[in-house]
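The values are calculated or read from the model by the stated rules, or taken from the named source; none is laboratory data. Here the structure is a predicted model, which is why all the values come from computation and not from measurement. Every residue, glycine as well, gets a Cβ built from its backbone with ideal geometry; the counts of neighbours run over all protein chains shown.
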Amino acid sequence: MTTQRIRDFLATRRPDGPCLVVDLDVVSDNFHAFRHAMPDSAIYYAVKANPAPEVLKLLAGLGSNFDCASVAEIEMALEAGATAARISYGNTIKKERDVARAHALGVSLFAVDSHEEVEKISRAAPGARVFCRVLTDGEGAEWPLSRKFGCVPQMAVDVLVYAHQLGLQSYGVSFHVGSQMTKVDAWDSALADAKRVFVQLAKQGIHLQMVNMGGGFPTKYLRDVPSAEAYGKSIYQALRTHFGNQIPQTIIEPGRGMVGNAGVIKAEVVLISKKSDNDDARWVFLDIGKFGGLAETMDEAIRYPIRTERDGDEMEPCVIAGPTCDSADVLYEKNLYPLPMSLTIGDEVLIEGTGAYTTTYSAVAFNGFEPLKAYVI
């Protein structure tokens, strides 16, 4: 939904070209919703979702911790007011010199998923706390994650034993159920795996303290999604089921769920055409596409709500594409998108739910089109 504050900003400022506008009031509301739904879990905002300095400063002031994927993100979080104790270096793929730099900045919590990564951390950040990421199947996620991150539970046991042997603090396990996860019970099987890792390590005298339950919390696109409270109830029930009265420290890492619905992209219709006289579907070309911030339309996984000033008119299914000279820059073609038949060249459209994973995918001026401008209000 486009908030009135965003509408007023666009009406007053009339920014030229495509742009993202983020409403900080919505981000604040989302933070408080997560805190209320899961009061016993530490919130680590996934900086990669939207690293705008204003967003980070707001969340730091509200008491959020930060999940960072690089030294640059760590420095952003520190600049926003977070202390190093509130930062997790959550990427399992790190250069040893980046581990050393993070450690020098005071960060002491690192993700691993292999013996080799443990060795790097033992050399560059001796005595640090490490948690091992466990693979999940991602069933039910609209943006499933690959096998790139994590390892099977038994290997996680071996990795954490090895970390202990090398003088690191084997601190816990983590997992990620997949982005835009709409099944509230998706955390159950992953927590069962986490418990098994805890038990196996306890038998070897290593007592883990933390479960990082990752992100995956959705934002609303075209379909309603469960509330933060619904996720909290289901996740805490799963924790009680698998850990009983010995529930460890827990972490959640909302990214999309924290900022997705806070942002709206303003775009413009550049061209409307057909490929033949008897073509049923019009092609609607916008001044933003996959390479300008809408990368998550790949395979049409994420279908954004697109609003126009003509939404009360008769609708027809259309192909929607971006402006670049790349044939892959098509947003919706397999599943046509309904738009008003009266839509015309020069009309503005609002693409909602775009507060997450848009500007971060638009860092290069591909084909000479400027990276997506962002305004935070």
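Residues that are closer than 24 Å to PRO226 by Cα, outside the structural domain of ALA267 (by TED's automatic domain parsing) and surrounded by 22 or more Cβ atoms within 10 Å (Cβ to Cβ): does region 86-101 have at least one? Give the derivation first.
First, pick out the residues of region 86-101 that are closer than 24 Å to PRO226 by Cα: none.
No, region 86-101 contains no residue that is closer than 24 Å to PRO226 by Cα, outside the structural domain of ALA267 (by TED's automatic domain parsing) and surrounded by 22 or more Cβ atoms within 10 Å (Cβ to Cβ).
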Every residue from region 152-206 that is surrounded by fewer than 19 Cβ atoms within 10 Å (Cβ to Cβ), closer than 16 Å to GLY232 by Cα and of a type outside the set (Gly, Ala, Ser): THR182, LYS183, ASP185, ASP188
Residue match in region 230-250 (condition: at positive phi, modelled with pLDDT of 95 or more, of a type outside the set (Asp, Glu) and surrounded by fewer than 20 Cβ atoms within 10 Å (Cβ to Cβ)): yes
Elements of type strands (runs of 3 or more DSSP E) in region 323-377, at least 2 residues being hydroxyl-bearing (Ser, Thr, Tyr) and closer than 22 Å to THR2 by Cα: 330-340
Output for region 1-45, where each listed residue is closer than 30 Å to PRO248 by Cα, charged (D, E, K, R) and under 20 Å from the mean Cα position of the chain (by Cα): ASP29, ARG35
Failed condition for LEU62, given (1) on the phi < 0 side of the Ramachandran plot; (2) outside the structural domain of PRO254 (by TED's automatic domain parsing): (2)
Close pairs from region 60-79: first over 11 Å from ALA102 (Cβ atoms), partner assigned to a helix (DSSP H, G or I) and acidic (Asp, Glu), Cβ under 9 Å, at least 6 apart: PHE66/GLU73; ASP67/GLU73
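Residue-by-condition table, conditions (1) part of a loop (DSSP other than H, G, I, E, B); (2) surrounded by 23 or more Cβ atoms within 10 Å (Cβ to Cβ); (3) touching a Phe, Trp or Tyr at 6+ places or on another chain (Cβ under 7 Å); (4) not hydroxyl-bearing (Ser, Thr, Tyr):
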{"residue": "MET1", "(1), (2), (3), (4)": "yes, no, no, yes"}
{"residue": "ARG7", "(1), (2), (3), (4)": "no, no, no, yes"}
{"residue": "LEU10", "(1), (2), (3), (4)": "no, no, no, yes"}
{"residue": "VAL21", "(1), (2), (3), (4)": "no, yes, yes, yes"}
{"residue": "ASP25", "(1), (2), (3), (4)": "no, no, no, yes"}
{"residue": "LYS48", "(1), (2), (3), (4)": "no, no, no, yes"}
{"residue": "ASP67", "(1), (2), (3), (4)": "no, yes, yes, yes"}
From the options PHE175, PHE149, residue that is over 16 Å from SER122 (Cα atoms), modelled with pLDDT under 95, in the same structural domain as ILE247 (by TED's automatic domain parsing) and touching a Ser or Thr at 6+ places or on another chain (Cβ under 7 Å): PHE149
Filtered residue count, region 10-29, keeping only those that are farther than 20 Å from ASN261 by Cα and of a type in the set (Asp, Glu): 1
Selection within region 253-271 - aliphatic (A, V, I, L, M) and either under 22 Å from ASP23 (Cβ atoms) or modelled with pLDDT under 95 (or both): MET258, VAL259, ALA262, VAL264, ILE265, ALA267
